[in-house]
Amino acid sequence: MNGALAECRGAFPDQIAQAVARASCVIKATELVRPLLGYPELLDRENAMRKGLAEQVQARSMSLLERNVQIQKLHSQLLDEERSRLSAAPANASKPPLAVTQWRQSNPESCGRLGGDSGTCY
């Protein structure tokens with residue numbers, strides 16, 4: 001998944017003027033992890049917000065920083081929801097696939113700060 005996301009960053013480097021195209025690319029890249037998630041609707045919610053925020057950024061009705069803050073907050077909420085659901089479900093001793101781990105570790109709090117654009121911020 002990280003390779004696909006790197007391709008999105010390379011293909012659409014302007015995070016404002018190309019926000020919608022970049023978000024579409026990121027959504028397509030994250031679809032790789034969807035079948036591996038126990039609760040794929042959480043990713044669907046994140047991607048729906050990603051698309052809407054990208055439209056606002058490209059229209060310049062929202063700053064890129066505010067978009068990053070909103071995605072970071074939602075991602076954190078989704079991870080909390082996933083943890084809550086997983087703790088109520090029967091234990092699964094298997095290690096999650098790498099793509100799932102990469103999604104869970106994406107969009108940390110640092111992404112919502114000025115200059116927060118790394119490989120894990122998308």
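The values are calculated or read from the model by the stated rules, or taken from the named source; none is laboratory data. Here the structure is a predicted model, which means the values were calculated and not measured. We place every Cβ from the backbone using ideal geometry, glycine too, and count neighbours over all the protein chains shown. Side chains included, ligands, DNA and RNA excluded: accessible areas come from the protein's heavy atoms. Shrake-Rupley method; radii C 1.70, N 1.55, O 1.52, S 1.80 Å.
First compute the accessible area of segment 73-113 with a 1.4 Å probe, then give the percent of it belonging to carbon and sulfur atoms. Walk me through the intermediate numbers first.
Numbers: 1410 of 2650 Å².
That fraction is 53 percent.
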* To do: With label points built 7 Å along Cα→Cβ from the Cα atoms of residue 94 and residue 109, find their separation and express it in nm.
  => 3.4
* **J(HN,Hα) series, segment 17-26, from Karplus relation 6.51 cos²θ - 1.76 cosθ + 1.60, nearest Hz, glycine and proline x** => 5, 10, 4, 5, 5, 5, 4, 4, 5, 5
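Report the gain in length on full extension from residue 87 to residue 44: 0.36 nm times residue separation, minus Cα-Cα distance, nm rounded to one decimal. Can you show the working numbers first?
Working: separation 43, 0.36 × 43 = 15.48 nm, distance 2.11 nm.
Extra length available between residue 87 and residue 44 comes to 13.4 nm.
Rounded to the nearest whole Å², what accessible area per residue is found for the chain with the 1.4 Å probe? Don't skip to the answer; put the middle values down first.
Details: 6760 Å² over 122 residues.
With the other protein chains kept in place, the chain gives 55 Å² per residue.
Computed FRET efficiency, Cβ-Cβ of residue 14 and residue 56, R0 25 Å: what is it to the nearest 0.05? Show your work: numbers first, answer last.
Details: r = 16 Å, r/R0 = 0.63.
The value I calculate is 0.95.
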* Ignoring ligands and nucleic acids, what accessible area does residue 8 show with a 1.4 Å probe (Å², nearest 10)? -> 0
* Asked: For residue 120, which sequence-distant residues (separation of 5 or more, or a different chain) have an amide H within less than 5 Å of its own amide H, given hydrogens modelled in the peptide plane?
  -> none
* **Gain on full stretching of the segment that runs from residue 65 to residue 101 - 0.36 nm per residue minus C-alpha separation** => 10.5 nm
